[in-house]
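None of the figures in this text is laboratory data; all of them are computed from the coordinates on show. Here the structure is a predicted model, which is why all the values come from computation and not from measurement. Positions of Cβ are backbone-derived with ideal geometry, glycine not excepted, and every protein chain shown enters the neighbour counts.
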Amino acid sequence: MHIKGRGGVKGAIRCIYSQLEKYNFAARLDIESYYSSIDHDILLGLLKKLELEADLLDIYFRWVKS
């Protein structure tokens, strides 16, 4: 949504609002150098403890590994 012509903040809110019945939460991720300083093993361990659906956990794991 951050790319020009994609709706910006209002477009993002509309998109999230349209998915509320399917999902109970949203994540905003910024993949700049901040995330490279996080201990990935600790983060993945914390994610496992959340007992998320397997497909969602897989998405987070792939995101962290990238």
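Here are a few things to note about the model shown:
- Computed over segment 25-66, Kirkwood Rh from alpha-carbon pairs, angstrom: 11.0
- The residue among Leu52, Ile16, Gly5 whose Cα reaches farthest toward the positive pole of the charge dipole of the chain, with charges on the beta-carbon of Lys, Arg, Asp and Glu, is Gly5.
- Rounded to the nearest 20 debye, the dipole magnitude of the chain is 420 debye, with +1 charges on Lys and Arg beta carbons, -1 on Asp and Glu beta carbons, and the Cα centre as origin.
- Ranked by the mean number of other Cβ atoms within 10 Å of their residues, highest first, the peptides 38-45, 18-25 come out as 38-45, 18-25.
- For the chain, the 222 nm mean residue ellipticity estimated from helices alone, with every DSSP H stretch of n ≥ 4 adding -39500 (n - 2.57) and the total spread over all residues, rounds to -16000 deg cm²/dmol.
- Rounded to 10°, Cα long-axis angle of helix 8-18 versus longest principal axis of the chain: 80
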